[in-house]
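Visitor: Here it is, the structure in full.
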Amino acid sequence: MRPLLDTHLPRPGCDVLVRRREPRGGRWIVFLHGAGMDGRMFDAQVAGVPDDWGICVWDARGHGASALAGRFRYPDLVDDLAALLATLDGAGVVLVGQSMGGNLAQTLLASQPGAAQRLVLIDCTDNHGPLGRVDRILLALAVPILAGYPWRLAVRQSALACGALPPTRAYAAEALASTGRRRFREVMRFAREALTPDPDYRLPVPTLLILGEHDRSGNIAEALHRWPQRDPQARLVVVAGAAHNANQDAPGPVNDAIGEFLGW
C-alpha cells in the first residue's frame with residue numbers, strides 16, 4: 001500500500017489536517033468521519049483502497065489534529081469540504097461519509113450535484129427524508145440535554161452506542177474525550193442545518209447505504225430502511241453485529257460492500 005502524507009488545508013480559523021495520497025488512475029475517494037470522531041476511524045477502509053486510487057482522509061475542523069479557533073459552524077464545514085474537493089484533479093470523486101460525514105456529503109451534493117460521482121453513506125440519516133413530530137422534538141432537545149448531562153457519562157454512553165465491540169468503543173471514548181464537552185455540543189448542532197426535509201428531492205448519484213444492525217442512534221435505522229423506497233439510486237446493506245460505527249465494528253463486510261459498489 002502506498003503511504004498517505006500529512007497535508008494541511010488552510011481554512012478560516014482552522015488549519016485542516018488531510019492525510020492524502022495522489023491517484024495513479026485519476027479517481028479519488030474522500031473519507032468524512034462522524035461527529036466527535038476523527039480520520040482514524042477509516043483506517044481499515046483506507047487499507048482496502050486499490051493502489052491506483054487517490055485518497056483523502058481529514059480531521060474535520062475542531063476534531064482530531066485540526067484545532068479550531070472560535071466556534072464550530074456547520075456551514076464552515078460544508079465550505080471546507082468544497083475547498084478540499086477543489087484541490088483534487090482527476091476523473092471523479094467518491095465521498096464516503098459516516099454519521100455527520102454522511103450528512104455533510106448530502107448537504108454538499110444538494111448544492112453541487114456534480115461534486116461527486118458516487119456516495120457511500122454509513123450510519124447516517126437522510127437529510128431530505130420525512131421528520132415526524134417525535135423526531136423533531138428529539139432533534140430540538142438533543143443539545144440542551146447534552147449540556148446538562150455529566151460529560152463522563154455522556155462519553156461512556158456514546159461510546160457504547162458507537163461500537164458493538166470493545167476496540168470500537170475504546171476508540172470512540174478516546175476521540176470524544178479529546179473533542180471535549182464544549183466543542184461536541186457545538187458540533188451536535190449540525191443536525192438542525194443538515195436535516196432539511198424535502199419529499200421531492202432525489203440523490204444525484206448512485207449511493208450505497210450501510211447500516212449497522214444494532215445502530216439505535218436517532219432515526220437512522222428507520223430512515224435508511226425507508227430510503228431506497230423513495231430513491232431508486234440508493235441501495236441498502238445491513239451489516240450484521242455492527243453498531244453505529246459499522247465500518248469499525250465490521251471492517252471486512254463494509255470493505256466488501258464498498259468494493260463491490262465501486263467495482264474493485
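Visitor: Kirkwood Rh, Cα Rg: Rg to Rh for the range 124-179?
Guide: 1.06
Visitor: Please compute the alpha carbon radius of gyration of the range 168-225, then divide it by the globular-protein estimate 2.2 N^0.38 Å. Two decimals is fine.
Guide: 1.45
Visitor: Another one. By count of other Cβ within 10 Å, fewest leading, how are 93, 134 ordered?
Guide: So the ranking, lowest neighbour count to highest, is 134, 93.
Visitor: Let me ask something else. Taking every alpha carbon pair in the range 113-264, what does the distance histogram look like in 5 angstrom bins from 0, in percent?
Guide: The distribution over the range 113-264 is 2, 9, 16, 19, 20, 17, 12, 5, 1, 0, given as percents.
Visitor: Quick check on the range 1-99: what are the equivalent-ellipsoid semi-axes from the Cα gyration tensor, as sqrt(5λ), descending, whole Å?
Guide: 22, 14, 11
Visitor: Given the options 45, 229, 98, state which has the largest fluctuation in a GNM of the chain using a 10 Å cut-off (strictly under) for Cα springs.
Guide: Looking only at 45, 229, 98, the biggest GNM fluctuation is shown by 229.
Visitor: In a GNM of the chain with a 10 Å cut-off on Cα contacts, which of 100, 37, 188 has the highest mean-square fluctuation?
Guide: Checking each option, the largest mean-square fluctuation is seen for 188.
Visitor: Just want the ordering: 124, 56, from fewest to most Cβ atoms lying within 10 Å of their own Cβ.
Guide: 56, 124
Visitor: A follow-up question, please. Can you say what percent of the DSSP beta bridges in the range 5-262, counting only those with both residues inside, are antiparallel? Round to 5.
Guide: Roughly 30 percent of the beta bridges in the range 5-262 run antiparallel, per DSSP.
Visitor: Next question, about the same structure. Could you state the principal axis extents of the C-alpha atoms in the range 55-124, from the largest down, to the nearest angstrom?
Guide: 35, 27, 22
Visitor: Highest GNM mean-square fluctuation, the chain, Cα pairs closer than 10 Å: which of 128, 33, 225?
Guide: 225
Visitor: As a test of the formula, what do you get for the chain when each DSSP H run with n ≥ 4 contributes -39,500 (n - 2.57) and the sum is divided by the residue count, at 222 nm and rounded to the nearest 500 deg cm²/dmol?
Guide: Mean residue ellipticity, 222 nm, calculated: -12000 deg cm²/dmol.
Visitor: Relative contact order (percent) for the range 5-262, with alpha-carbon contacts under 8 angstrom and 6 or more residues of separation?
Guide: After rounding, I find 20 percent.
Visitor: Hey, quick one: spin label on residue 111, modelled 7 Å out along Cα-Cβ, who in the range 168-210 has an amide N within reach, i.e. under 19 Å?
Guide: What the label zone holds, given the 19 Å backbone N cut-off, is 187-198, 201-205.
Visitor: Okay, moving on. Once the dipole of the range 39-94 is set up with Lys and Arg at +1 and Asp and Glu at -1 on Cβ about the Cα centre, which of 44, 92, 54 lies farthest towards its positive end?
Guide: Projecting each Cα onto the dipole axis, the largest value belongs to 44.
Visitor: Can you grab the distance from the C-alpha centre of the range 3-80 to the C-alpha centre of the range 231-258, Å, no decimals?
Guide: Answer, in whole Å: 21.
Visitor: In 10 Å bins starting at 0, how do the alpha-carbon pair distances of the range 98-142 split up by percent?
Guide: With 10 Å bins starting at 0, P(r) equals 26, 47, 22, 5.
Visitor: Counting C-alpha atoms alone, how compact is the range 5-262: give Rg to one decimal and Dmax as a whole number, in angstrom.
Guide: Rg then Dmax for the range 5-262, in Å: 16.9, 50.
All of the numbers you see were taken from the coordinates with simple rules; none came from a lab. Only a predicted model underlies this, so the values are computations on that prediction, with no experimental measurement involved. Backbone-built Cβ (ideal geometry, glycine too); neighbour counts: all protein chains shown.
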